[in-house]
Amino acid sequence: MSKAAMALLLAMTMSILTAARSDLILSDWMGQTMAVIGNQSVLDLSLPGTHDSLTYDLSLVVSDGGIDGEDDLSAIAHDLTELGIAPDLITDWIRQNAQTQVLNVTEQLDNGIRFIDFRIMYEAVQKEWFGLHMLQTSQPSLDYLHQIREWVDAHPKEIVVLWMSKHGSECKNGTDQFPGVSIEKKQAFWASVMTVLDGVLVDQSLYTLRETAISELVAANQRVVIYASDYIEFTTSSKFAADACYIQNDLPGGIGNFAGCDQDLMTDLRAGASKRASLKAANRFWLVSGASGVGDTIKYSTQMHFNPFLTKDEWQARLSCAKVVGVVNATSWCPESLLGYAQLTNYYRQAWFNFSLDPSCAGCDLPNAVYIDGVAQGGMIATGDRMLTTPDSTPVCEQYEWTSCEFEQPKCSPGHTANGEYTALGVVDTTGYTNGPCAIPFQKHFQCCRDQPLTQESARFGYVATLVAANLRRSCLATTTPECQAMMGLVLREIQKAPMVLWHDDGFGRQATWPRLDDPNPHLPHPHPRPDAGVKMSLFDGSPNWERLDPHPNRNRDRNPKDPSA
């Protein structure tokens, strides 16, 4: 047997052995599946990504570019927070409404993320580039880039795509992209980027993102792709970057319009294969945001947070916020952090990830990348009630009641658990019940949090595994091989570790059968009877064979008339 034949046989044997492994290796999923997906180009892939990827490490200092379109106000806010003049109460609240991720960039990559939303801004005081999302990051942006380089070196069969911008604007240029930053500062930073990533950046004069197979990129060690906004001034039209104007960045939204946005997404995904093909022909990278901002809810959340003395006003602000959130029947649900909105959005987004793999839909496909908030360990996205920033030992307290004035913590009503919070001021429950200030010294109201079943608190969806499955499906549609079958079976088993789980709980904005994505009026409650308990749906399973989950297993509803879902 010739050496070439021996090498081919060895490669095939190794591919089958790799495919036969019992688990998907999230940190090396490209290498693990290369025998199947290696013929695809970057513009054929579907990459799992994170939105505002560096926000796990925000400082309490407002960035010079933190308030879009308000450069002078950003500079003033930066100075106040840099000098420590702004109270921590305010800056902490800003941070909880700016943070979208909890995993650091190395952990994101380890958990299968391959698209990084790398937002940056030059900070005049530090004379250095930092990451940002309203607040600047704790470390300069090059520190995070060094971490990415270390990870890439440790995983020689993986490809990572980064998008560098200030605030996710593909085609803004000059000072519209980076306010007040000179061309010299931008190009000096790009030179530093080139140094950090020397030897792994894709040379796009030699390898095209549209045509070069990823197996060839890996073999040539060309494994980091950068899309740069303000491409000409920022990179001097470098061959080691792609112009971010070639990104088709779809922003479906969500808050206030979950039904309409998700229906629009489904329409796109039904024709995903043809849309991908047309964009690829134009050398465009199809990116879809799975994130959703807080929108107009922020003003009501601000009133709830900073107006604790007027309980009636706080309750009215909660009702107004819930109305803007727009989940049917969730009349008093108002998250007070960006991650709260992220996990609510993820709950409704998981349906279109699931749908995109429906084997009965030949034209269905996912975009080149999705970037999303609330990514958790295991390559999952958080869809449950417990915020990723809330320790497991702390009760979930988005729905709560207050006791009457007591000298010490009384026993909470059934289905509630004390969280140690107390106040002598007037208070209002999340059901609208009010208690006035405590007139007797040393008496206090004690907060009791509504109990949640663990299945709802910790609900997750297999985000990364689903996108890996989409890549396999694309290659395996063309040809069915033992490697295809083995790898697809492995990935589908991984998805089943965290399948789509739905339940009905108005208090947390979760509905089991709304919105109906095949309904001409998706904004309205569906006329068919809705389950009064949760449902767990396996992949591709849209049938009525639901696994019932009791949303309040410890609650005695007869003894608690304040239960909003009773």
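Find the accessible area per residue for the range 201-344; the probe is 1.4 Å, ligands and nucleic acids are left out, and the unit is Å². Don't skip to the answer; put the middle values down first.
Working: 5470 Å² over 144 residues.
In whole numbers, the range 201-344 has 38 Å² accessible per residue.
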Check: If Tyr207, Tyr433 are ordered by their accessible area, calculated over protein heavy atoms with a 1.4 Å probe, which sequence runs from highest to lowest?
Finding: Tyr433, Tyr207
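Out of the total accessible area of the range 444-483 (probe 1.4 Å, heavy atoms of protein only), what percent is carbon and sulfur? Intermediate results must be reported in sequence, preceding the final value.
Numbers: 740 of 1220 Å².
For the range 444-483, the apolar C and S fraction of the accessible surface comes to 61 percent.
State the volume of the convex hull built on the alpha-carbon positions of the range 138-273, expressed per residue in Å³ and rounded to an integer.
On the way: hull volume 20.6 nm³, N = 136.
Dividing the Cα hull volume of the range 138-273 by its residues yields 151 Å³.
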Check: Taking the Cβ of Asn346 as the center, what net charge do the other residues with Cβ under 15 Å away carry, scoring Lys and Arg +1 and Asp and Glu -1?
Finding: -1
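In the structure displayed, which of Lys186/Lys239; Lys323/Lys411; Lys185/Lys239; Lys127/Lys157 lie more than 25 Å apart, Cα to Cα?
Correct reply: Lys323/Lys411; Lys127/Lys157.
Let me check something: with ligands and nucleic acids excluded, how do Glu398, Glu158, Glu408 order by accessible area (1.4 Å probe), largest to smallest?
Working: Glu398 45, Glu158 0, Glu408 135 Å².
Greatest to least solvent exposure: Glu408, Glu398, Glu158.
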Notebook entry, point to check: So, in Å, what gap is there between the alpha-carbon centers of the range 185-222 and the range 108-164?
Noted result: 16
Next item on the list: Hey, can you find the accessible area per residue of the range 383-492 for me, probe 1.4 Å, expressed in square angstrom?
Entry: 43
Notebook entry, point to check: How compact and how long is the range 316-355, expressed as Rg and Dmax of its alpha-carbon atoms in Å?
Noted result: 11.4, 38
Next item on the list: Note down the Stokes-Einstein diffusion coefficient of the range 393-446 in µm²/s, whole number, using a Kirkwood radius over alpha carbon pairs, 4 °C, and 1.567 mPa s.
Entry: 112
Notebook entry, point to check: Debye sum, Cα scatterers, the range 383-509, no solvent: what log₁₀ I/I(0) at q = 0.14, 0.20, 0.23 1/Å?
Noted result: -0.72, -1.08, -1.24
Next item on the list: Could you please put Asp110, Asp296, Asp243, Asp230 in sequence from largest to smallest accessible area, using a 1.4 Å probe?
Entry: Asp296, Asp110, Asp243, Asp230
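The values are calculated or read from the model by the stated rules, or taken from the named source; none is laboratory data. Owing to the predicted nature of the structure, the values given are computational and were not obtained by experimental measurement. Cβ sites come from the backbone with ideal geometry, for glycine too, and all protein chains shown count toward neighbours. Surface areas here come from the heavy atoms of the whole protein model, side chains and all, with no ligands, DNA or RNA. Shrake-Rupley method; radii C 1.70, N 1.55, O 1.52, S 1.80 Å.
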